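What follows draws every value from the coordinates through simple rules; no lab data is involved. In this text the structure is predicted, and so the values were computed from the model without any measurement.
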Amino acid sequence: MASAVIIYATVYSAKNAHIILYKAGMALLGVVIGKIFLIDMARLQGFWRVAAFMGMGLALLLGLAWMYRKAQRASIQASYASFY
């Protein structure tokens with residue numbers, strides 16, 4: 001659900017410069033990731049918990065950096081298009 005909202009918000013905000021949708025999608029993603037860390041990983045023990053936290057953190061950081069960069073490029077292109 002959060003991924004769909006973020007993808008929609010990124011595409012929609014790139015076309016119409018609505019950053020509010022992008023921020024709402026990122027907030028929803030934060031809630032989902034918090035749920036994964038606090039509830040779903042509570043059953044893991046020892047090494048598997050450490051490995052899961054490290055893997056999830058790395059995937060999260062890479063995914064967010066990629067999406068932010070894509071949204072930033074789209075925003076810059078939209079501002080250039082509206083300028084000319």
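Please compute the length gained on full extension between K35 and V50, using 0.36 nm multiplied by the number of residues separating them and subtracting their Cα-Cα distance. Please report the intermediate quantities before stating the final value.
Values: separation 15, 0.36 × 15 = 5.40 nm, distance 1.67 nm.
So the chain would gain 3.7 nm between K35 and V50.
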Amide H within-cut-off set for L44, under 5 Å, with H built and near neighbours excluded: none
